[in-house]
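Note sheet for the following structure.
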Amino acid sequence: MRILIASALAVLVAACSPASPNLNVTDAWARPAAAGQSSAAYFTITNQGGADRLVSVTADGAEASLHRSSTEDGVARMRPLADGLAIGAGATAVLRPGGDHVMLMKLQRSLVAGGTVSLRLTFERSGERTVTATVTNNGAGAHGGH
């Protein structure tokens with residue numbers, strides 16, 4: 001009887017526990033920019049598990065932070081994502097020009113098309129992941145559309 005109760009309790013606890021995130025980061029790229037200037041990086045996070053949150057980003061040779069661009073009443077705005085970026089269970093978050101992105105500021109070296117920049121993404125539940133972003137001119141100049 002005790003074994004049956006213990007087994008039932010274990011199943012109940014497992015059912016109440018949130019599913020572990022299962023994250024995949026793809027399509028990472030950054031805009032070219034000269035040393036001392038700013039750039040932006042973009043990527044896609046696919047989550048096939050439980051909810052998670054991207055809480056911070058660091059980059060080799062630059063200050064990095066999460067930002068959101070938006071346009072309200074014809075006025076473009078860019079704000080830091082102080083609480084990070086939620087990635088819901090089974091959801092996909094796309095960081096792209098004109099939306100959520102990683103600002104790369106005070107570049108210590110130029111980001112030249114064809115080169116790379118290493119980004120360390122820290123997730124609330126999944127821990128740290130390193131992603132290599134390819135530098136490419138996928139649109140307007142270094143700041144176009146952030």
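The numbers here are math on the coordinates, done by the rules we state, and not lab data. Quick caveat: nothing in here was measured; it's all calculated off a predicted structure. Virtual Cβ from ideal backbone geometry, glycine too; neighbours counted across all protein chains shown.
Before moving on, here are some points about what is shown:
- Reference-scaled alpha-carbon Rg (2.2 N^0.38 Å with N residues) for the range 19-135: 1.05
- Packing order of peptides 115-125, 36-46, highest average first: 36-46, 115-125 (average count of other Cβ atoms within 10 Å over each peptide's residues).
- Summing +1 for each Lys or Arg and -1 for each Asp or Glu among the other residues whose beta-carbon sits under 13 angstrom from that of residue 134 gives 0.
- Mean Cβ count within 10 Å, highest first, over the residues of peptides 49-57, 79-87: 49-57, 79-87
- Pairwise FRET efficiency - residue 118 versus residue 83, Cβ, R0 = 25 Å, nearest 0.05: 0.55
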